[in-house]
Structure formats: structure tokens, C-alpha cells
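A.B. asks: Take a look at the following structure, please.
The values are calculated or read from the model by the stated rules, or taken from the named source; none is laboratory data. Computed from a prediction, not measured in an experiment: that's the story for all the values here. Positions of Cβ are generated from backbone atoms using ideal geometry, with glycine treated the same way; all protein chains shown enter the neighbour counts.
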Ligand SMILES: [Zn+2]
């Protein structure tokens, strides 16, 4: 009986699929042609509803950038960005790039021990849910250290330069002001995410909005 029902259900689903009434179960690419699901995609979308898969994903090619690490593609772009900023008289330094699953886990666990889980969740992503694990995110700072990892970074030379020019190098400000209900993070003007020049030039707010994804304010 069960078998017959499931066969019937499958037949009906197949018919609906053929008639275009429902979408196929697995969509490899978005309507805009990007792969936002694979951990190794330059356009992967990671948020509190979208953990990295596999959990302990490690980028294939990590490159050193002044004591930090990024995926090769992002590292090249970052170096060009920093060089251009310097030419414009702005000294941008890398503060935190790639973090492995276990590094993120220790960071998160240390916050949980100190402040409890609720507060820890506002301070660091849980392991598997951090963009830093993709090797495509870099927290930047001013060489002077002023407003490091604080909202006032936006009004510093590095913050202003990045907001105006990051997209030309393939980076977006991943957690813009006023989008906490969508991204799950307060304004982080220092957190740059490499997505490639093409996509960076198209995203005006968040990746969630651009790809028409559900808002991810909290973990499920
Ligand atoms: Zn960050």
C-alpha cells in the first residue's frame, strides 16, 4: 500500500514537473547562473540557515597575505585592492582571513564559556556557519588600528575607501548597515567578502536579497 502510494506520488510529481508546475528538487545554479551551494564556489552563500557542506571544508589553495590566509583567487584580488588603496594614500591591513572549522570552534567555544551561548552568538559565528571558513572573507583594518572591528571603522580612511572601491576588486561589504534581520549580523564595515567582480558589481545590498533567499536572522 505504502509502496503504491509513493509510486503514485512520484508519478504525479513527475507530471507536475513536466508541466512546469513545480521546480526540480535540486537546482545546481541560481537563475542568475551562480552556484551558491557548493562550499568551493566563489559565490557560495553561507549564513545562519546555510551551513558549509562538508562541515570541515578546507579551501584547496590557501595563500598567505601579511600573516593571514585567503583562497588564492581572493588573495590576488585582496592584494590588488590593498595596493590601489595604498596608491590613494590609504593603508589597509588584513586583520582576520581564513579560519578553519576547528579555529572557529575554539573561538566560538571560548565566547560561550565566557559569556554564555546567547551572547556568544552575537560575537562569533558557530563553526560551519562562518564565511571565514570559505577563505573568501577578510576583516580589514587601518594600519593605525583605529576603530578596529567596530562600527566606527566605516568613518575611517580604510572604511571609506573600502566602501567606495571594494566592488571594483570583487569584494562586497557582506553585512551592511540595517540588514541585521536579513544577514543575522550587525553592521560590519570591515568584513569584506570576495564574490568576483561581476557579482560584486551587481549586489547592492545583501547576497540574501540578490539571490532571493529567506532572511537568516538566527540559527534554525
Ligand atoms: Zn569577518
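A.B. asks: Considering each of 136, 123 in turn, give the residue that is within 14 Å of the ligand (Cβ to nearest atom) and surrounded by fewer than 19 Cβ atoms within 10 Å (Cβ to Cβ).
C.D. replies: 123
A.B. asks: Looking only at the range 181-197, filter to residues that are farther than 22 Å from residue 143 by Cα and modelled with pLDDT of 95 or more; which one of those is farthest from the ligand (Cβ to nearest atom)? Break it down stepwise before answering.
C.D. replies: So the first thing to find is which residues in the range 181-197 are farther than 22 Å from residue 143 by Cα, and the list is 181-186, 195-197.
Subset that is modelled with pLDDT of 95 or more: 181-183, 195-197.
On the way: 181: 19, 182: 17, 183: 12, 195: 14, 196: 19, 197: 21 Å.
Selected residue: 197.
A.B. asks: Looking at (1) within 16 Å of the ligand (Cβ to nearest atom); (2) under 16 Å from residue 47 (Cβ atoms); (3) in contact with a strand residue (DSSP E or B) (Cβ under 8 Å, 6 or more places away or on another chain); (4) modelled with pLDDT of 95 or more, find the lone condition where residue 176 falls short.
C.D. replies: With respect to (1) within 16 Å of the ligand (Cβ to nearest atom); (2) under 16 Å from residue 47 (Cβ atoms); (3) in contact with a strand residue (DSSP E or B) (Cβ under 8 Å, 6 or more places away or on another chain); (4) modelled with pLDDT of 95 or more, residue 176 is out only on (3).
A.B. asks: Looking only at the range 98-125, how many residues end up being in contact (Cβ under 8 Å) with a residue 12 or more places away in the chain and not in a helix (DSSP H, G or I)?
C.D. replies: Summing the residues that are in contact (Cβ under 8 Å) with a residue 12 or more places away in the chain and not in a helix (DSSP H, G or I) in the range 98-125 gives 5.
A.B. asks: Within the range 78-96, restricting attention to residues that are part of a helix (DSSP H, G or I) and away from the ligand (no atom under 16 Å from the Cβ), which residue is surrounded by the fewest Cβ atoms within 10 Å (Cβ to Cβ)?
C.D. replies: Step one: of the range 78-96, the residues part of a helix (DSSP H, G or I) are 78-87.
Pick out the ones that are also away from the ligand (no atom under 16 Å from the Cβ) and you get 79-80, 82-87.
Numbers: 79: 16, 80: 13, 82: 21, 83: 12, 84: 15, 85: 20, 86: 13, 87: 8.
Checking each candidate, the answer is 87.
A.B. asks: If I filter the range 97-120 down to residues being more than 14 Å from the ligand (Cβ to nearest atom) and within 16 Å of the chain's Cα centre (by Cα), which single residue comes out as surrounded by the most Cβ atoms within 10 Å (Cβ to Cβ)?
C.D. replies: Our first condition is that a residue be more than 14 Å from the ligand (Cβ to nearest atom); within the range 97-120, this holds for 100-102, 105-106, 109-120.
This time we only want the ones that are within 16 Å of the chain's Cα centre (by Cα), so: 100-101.
On the way: 100: 19, 101: 16.
In this case the residue turns out to be 100.
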